[in-house]
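Before any comments, here is the structure.
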């Protein structure tokens with residue numbers, strides 16, 4: 001495979017009448033050593049099932065496939081999808097899908113789901129991983145959808161994303177970046193920044209720094225959450241009022257039907273200071289709050305998830 005340097009990509013794109021498209025968030029890695037860093041951090045081995053999103057000209061796709069991994073490569077740009085197929089060659093068993101990985105904001109594309117489901121069914125022991133230089137605009141919904149999935153939750157996610165987003169994912173209580181995304185990711189996985197990337201390692205250069213982030217999902221963390229949809233919805237709603245103290249927020253969640261003495265009693269039982277704000281609670285405290293609130297608030301609604309006014313909250317995470 002040709003080394004996909006900036007000059008090589010420019011020549012290739014010119015010959016094919018292609019150009020990086022901002023609407024798809026196309027910024028190509030031209031520091032070729034970083035492909036190796038990503039694959040090493042993902043611990044890609046033969047037999048793994050790798051989902052890659054935003055394949056570009058197929059450099060990372062070819063590398064993971066060469067290690068014996070089974071690859072489902074998703075590229076929304078038809079021209080780039082053709083280049084990926086050419087880079088892989090006719091002998092490759094990698095599946096290249098030319099489509100959007102998301103069906104709207106809150107769901108994975110059924111075409112992608114079916115491809116992954118089929119390959120997992122063929123060999124149930126395969127480890128699913130997301131390994132990609134992700135377009136910035138899909139990073140949050142894609143990672144959130146996969147983490148929330150019981151069927152297609154990856155064992156490991158190693159992606160390049162905007163540094164600000166990586167910092168939000170790993171932020172601690174009290175940090176300015178700490179929010180609903182921090183809680184949701186850390187409630188289900190361990191997260192670390194593998195490397196900070198300056199704009200110069202991409203072409204075209206983005207306006208911000210990026211990072212390679214490693215997210216390792218943990219079954220033992222997932223097992224602590226009885227109802228993930230409920231946990232997500234409570235967390236999101238609390239953070240939408242992050243400037244208010246918890247006593248006032250919880251009183252408002254039940255539209256006043258849970259009176260303030262009851263809120264005070266609940267918080268006291270959980271050992272949570274009612275004058276604190278959302279940004280001061282750790283993951284365990286959010287988990288305890290969600291568990292305690294569900295049977296109480298379910299009394300006021302036919303749907304226990306009605307606390308959240310976003311019907312697709314099970315697959316989305318939005319900070320304030």
Taking the stretch 170-203 on its own, how many of its residues are more than 18 Å from the chain's Cα centre (by Cα) and surrounded by 14 or more Cβ atoms within 10 Å (Cβ to Cβ)?
-> 6
Exactly one of 23, 10 is at pLDDT below 95 and part of a helix (DSSP H, G or I), and that residue is 23
Does any residue of the stretch 65-82 turn out to be part of a loop (DSSP other than H, G, I, E, B), within 21 Å of the chain's Cα centre (by Cα), surrounded by fewer than 16 Cβ atoms within 10 Å (Cβ to Cβ) and at positive phi?
-> no
Subset of the stretch 248-307 [out of contact with any helix residue (DSSP H, G or I) (no Cβ under 8 Å at 6 or more places or on another chain), over 14 Å from residue 238 (Cα atoms), modelled with pLDDT of 85 or more and assigned to a loop (DSSP other than H, G, I, E, B)] = 271
Looking only at the stretch 183-213, which residues are free of Cβ contacts under 8 Å to residues at least 40 places away in the same chain and within 30 Å of residue 231 (Cα to Cα)?
-> 190, 191, 192, 193
Restrict the check to the stretch 20-40 and report whether at least one residue is in the same structural domain as residue 117 (by TED's automatic domain parsing), more than 19 Å from the chain's Cα centre (by Cα) and on the phi > 0 side of the Ramachandran plot.
-> no
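The values are calculated or read from the model by the stated rules, or taken from the named source; none is laboratory data. Since the structure is predicted, the reported quantities are computational estimates derived from the model, not experimental observations. Don't worry about glycine lacking a Cβ; one is built from the backbone with ideal geometry, like all the others, and counts go over all protein chains shown.
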